[in-house]
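Take a look at the structure below.
The values are calculated or read from the model by the stated rules, or taken from the named source; none is laboratory data. Just so you know, these numbers come straight off a predicted model, no measurement behind them. Here Cβ is always computed from backbone atoms with ideal geometry, including for glycine, and neighbour counts include all displayed protein chains.
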């Protein structure tokens, strides 16, 4: 049963009861449906009136409370509102190139009248690490996010670093945020300063705050994965990373059927919903009772799908794209996003905030990594479809961002856009020439900055921030292979390569192993379940030996591959050191950890060409990929870092940054052009 | 239109036939259930379901938004304004199905009113009958006689200005109960227990669409200029004992058909 219908009964039933009590007054009735409509309409009117009156009545009390809380502010607020526009992966180096050509007028204006500079990122410069440091202002050893994945040292298995999911004793599913420390908006809340935080990575599951929050990166799909698409076709394409194949069975002329798998379900396999595809002059798809028309090679609108698991219902949304080919149709279904209108998992705070957004703007992608890079890499969708998807997600985000800007006039508004990151990952090799996807992306992000400037008022501070920059990724570095060939990693007899999860590693002969995008871990005695390296001098010696060996690594043309290798103790200080790697490897431009070794695999060669569509990256030496810091206010400090953003925001809004924060409050001053810019806008 | 009225009457006769031996309340409930289902299906067919769902979601969001941003009265007022505007748009969306539904609903309403709004006359009960003429006959020329189930009670009261004659009648049997006035046969009250309550007559030899809406009116074909052209019989309002109260037929219909409508919308996934 549809939620909205159920909700409508919530209004109709009380009315029905009222009518039951007053049968003689029921002469305005005009039949079920229309009658309910008119009665509901009346209730809506009454509701609007009552809430407005209530709001006006309690407003003075709330203002008083807020004023009292604000009176405790240790500093005088210098900004009316701080707007943080997060552009994931927006590179200051690439943007500067366009600026020098006279492009990106809004960024040019910020650079001329306010600030535009490089922003030092974390080591490594990976989104979950950098955005965690952005929100907590501490180094990874204090927030415990060192990479997308971390190692389970007992089982030698990679697990998600930011969230732990599972089922409790009552079989009820739970999700726990593994990021430690406190985001800076929590400190704002203590002084009655409201925050609207949209899609900042590593905020799932959402933590309470004074304001609204919509979770970003690491929100799973309803299957519990970080996003797995479905390919429905007649022929099996073989194994695919990031997606699954479902056979499409013919059941009539130009009619196909299949079962779309949903959440895990019981031992019998996942819960499914039937799907029926009709092709020909008109392409139609029926799924879970919804019927939609499909245009070839174009993404459909969001379709609501309800999976029934016994009495439990799991609501999801997905989009479809049909490719008609000679050997039959090929239907792509996006990952089954949590339906924001009726979320099966908590994705916002308060929990009805996602519902508010979905009602105001329609369904939107809720998955952490919503742009389907795997589907493009696996040639399941084409470039046009990928770009259509990426830009439609951008538009959804833009809509909710501007809604927050219009609703929250004081305090903090922070929103992160991922489109910039995904497009650069997939189209970096196209460069910034006119008409290229990268060029379009930089121009549209610049437009977004311009539109944001128009929403600002006097004393509002805009901070454009990116977590890292971008560079090329043409060669894969298989760190596990290198460790094996250098004698640090042992394999069981007969094992030559490993697909994933270290299956085949002889731990009794392994001193070090690699997992994740830049980390090398020692097989430390007392820490790893089968550790053999003794802590202290021995472990230090092994790390020195590995670092020295990696720095000497050269490709076929003699170019160095690794620029630096940092021991954890040199760059991290904090209580969660043990969860991170022992050595962080910084690669030169073009080189990155290979696809296999990221998840505990080991390939046949140390260096091999990256043949994936994913050809741009930032998981290199973090000095190569700084983020951007731009503002309509002028920055007086040198060498800002991503850790500094939180203390800066606190300070601008009158809150003393707590001592545990490692960043410093940057000195931002209203520039002479700020007011002029706002007036012009 | 004559045959259509006959068909409609027959349909309702058939629908209520199984309940003719029971209290009229059962027949009324049954017809209300059928109507609830029929009208909700019609509503679905005639309404833009997706647009209704969308606007309702928006209205829900605007209400949630008022709670979310309650701190800021300008937000609340803006959202309240938006909510009212959405409400108007919602009403505009239901106008079309409302109009479509109104047509069958009027017919149904009329039939139900004809059948269930008046209580049947029991033996010994007295009623007042009024007959209208084109030209009021002289007192001596008035020919009124009971055909079945009634005894007429004199005197006959002549109202010259209205060209009416009124008199009382006491029920002695039936149904059917009928009178003959200047040679025309007039039915009084229910033609059969549980179905059909004629309490007005009109002289008309043609049929119009409006006839469908007046099934309680008996069409009288006068075969002479002296025949009556109209009239009425006073029947008591029907009251139904439900949940300890005395409900009108409309209240019973409203509650039962609405309940059926809610269940129907739930089962058939109709967005209302």
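Computed quantities for the displayed model
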| item | result |
| --- | --- |
| Members of segment A:622-645 found to be within 18 Å of residue A:662 (Cβ to Cβ) and in a strand (DSSP E or B), listed by number | A:627, A:629, A:641 |
| Condition broken by residue A:108, with the remaining ones in (1) at pLDDT 85 or above; (2) assigned to a loop (DSSP other than H, G, I, E, B); (3) more than 30 Å from residue B:74 (Cα to Cα) satisfied | (2) |
| Residue in segment B:16-31 that is touching a helix residue (DSSP H, G or I) at 6+ places or on another chain (Cβ under 7 Å), surrounded by 19 or more Cβ atoms within 10 Å (Cβ to Cβ) and facing another protein chain (nearest Cβ under 9 Å) present | no |
| Meets criteria (within 30 Å of residue A:52 (Cβ to Cβ) and touching a residue at least 12 places away in the same chain (Cβ under 8 Å)) for residue B:72 | no |
| Residue in segment A:460-472 that is surrounded by 24 or more Cβ atoms within 10 Å (Cβ to Cβ), closer than 18 Å to residue A:544 by Cβ and touching a residue at least 40 places away in the same chain (Cβ under 8 Å) present | no |
| Residue identified as in the same structural domain as residue A:201 (by TED's automatic domain parsing) and touching a strand residue (DSSP E or B) at 6+ places or on another chain (Cβ under 6 Å) among A:322, A:294, A:367, A:299 | A:367 |
| Matching option when the condition is touching a helix residue (DSSP H, G or I) at 6+ places or on another chain (Cβ under 9 Å) and surrounded by fewer than 21 Cβ atoms within 10 Å (Cβ to Cβ), among A:182, A:172 | A:182 |
| Lone qualifier among A:502, A:488 - being at pLDDT 95 or above and over 20 Å from residue A:561 (Cα atoms) | A:502 |
| Single residue of B:149, B:173, B:194 found to be in contact with a helix residue (DSSP H, G or I) (Cβ under 6 Å, 6 or more places away or on another chain) and at pLDDT below 90 | B:194 |
| Of the criteria (1) surrounded by fewer than 17 Cβ atoms within 10 Å (Cβ to Cβ); (2) more than 19 Å from residue A:138 (Cα to Cα), which one residue A:602 fails | (1) |
| Criterion (within 13 Å of chain B (Cβ to nearest Cβ) and surrounded by fewer than 14 Cβ atoms within 10 Å (Cβ to Cβ)) met by exactly one of A:39, A:68, A:56 | A:56 |
| Some residue of segment A:74-94 being within 14 Å of chain B (Cβ to nearest Cβ) and either at pLDDT 95 or above or at negative phi (or both) | yes |
| Single match in A:214, A:198, A:107, A:209 (criterion: farther than 27 Å from residue A:667 by Cα and buried (at least 18 other Cβ atoms within 10 Å of the Cβ)) | A:214 |
| Subset tally (residues that are assigned to a strand (DSSP E or B) and free of Cβ contacts under 8 Å to residues at least 60 places away in the same chain) for segment A:598-617 | 0 |
| Unmet criterion (only one of (1) within 8 Å of another protein chain (Cβ to nearest Cβ); (2) surrounded by fewer than 19 Cβ atoms within 10 Å (Cβ to Cβ); (3) over 22 Å from the mean Cα position of the chain (by Cα)) for residue B:102 | (3) |
| Subset of segment A:580-589 [under 25 Å from residue A:499 (Cβ atoms) and out of contact with any helix residue (DSSP H, G or I) (no Cβ under 7 Å at 6 or more places or on another chain)] | A:587 |
| In segment B:233-261, residue farthest from residue A:38 (Cα to Cα) [restricted to those that are modelled with pLDDT under 85 and surrounded by fewer than 20 Cβ atoms within 10 Å (Cβ to Cβ)] | B:234 |
| Odd one out for residue A:406, checked against (1) within 14 Å of chain B (Cβ to nearest Cβ); (2) assigned to a helix (DSSP H, G or I); (3) crowded, with 21+ Cβ neighbours inside 10 Å | (3) |
| Failed item, numbered, when residue B:78 is tested on (1) assigned to a helix (DSSP H, G or I); (2) farther than 30 Å from residue A:64 by Cα; (3) out of contact with any helix residue (DSSP H, G or I) (no Cβ under 7 Å at 6 or more places or on another chain) | (2) |
| Top-ranked residue of segment A:543-569 - restricted to ones that are assigned to a helix (DSSP H, G or I) and in contact with a strand residue (DSSP E or B) (Cβ under 8 Å, 6 or more places away or on another chain), ranked as surrounded by the fewest Cβ atoms within 10 Å (Cβ to Cβ) | A:551 |
| Residue tally, condition at the interface with chain A (Cβ under 7 Å from one of its Cβ atoms) and part of a loop (DSSP other than H, G, I, E, B), over segment B:48-71 | 3 |
| Conditions (1) in contact with a strand residue (DSSP E or B) (Cβ under 7 Å, 6 or more places away or on another chain); (2) surrounded by fewer than 20 Cβ atoms within 10 Å (Cβ to Cβ); (3) under 29 Å from residue A:394 (Cβ atoms); number of the one not met by residue A:159 | (3) |
| From B:84, B:42, residue being within 8 Å of another protein chain (Cβ to nearest Cβ) and either in contact with a strand residue (DSSP E or B) (Cβ under 8 Å, 6 or more places away or on another chain) or surrounded by fewer than 20 Cβ atoms within 10 Å (Cβ to Cβ) (or both) | B:84 |
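Each row is one residue, and each column tells you yes or no for (1) away from chain B (no Cβ under 14 Å); (2) crowded, with 22+ Cβ neighbours inside 10 Å; (3) modelled with pLDDT under 95; (4) more than 24 Å from residue A:375 (Cα to Cα).
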residue: A:280; (1), (2), (3), (4): yes, no, yes, yes
residue: A:289; (1), (2), (3), (4): no, no, yes, yes
residue: A:299; (1), (2), (3), (4): yes, no, no, no
residue: A:302; (1), (2), (3), (4): no, yes, no, no
residue: A:312; (1), (2), (3), (4): yes, no, yes, yes
residue: A:328; (1), (2), (3), (4): yes, no, yes, no
residue: A:337; (1), (2), (3), (4): yes, yes, no, no
residue: A:349; (1), (2), (3), (4): no, no, no, yes
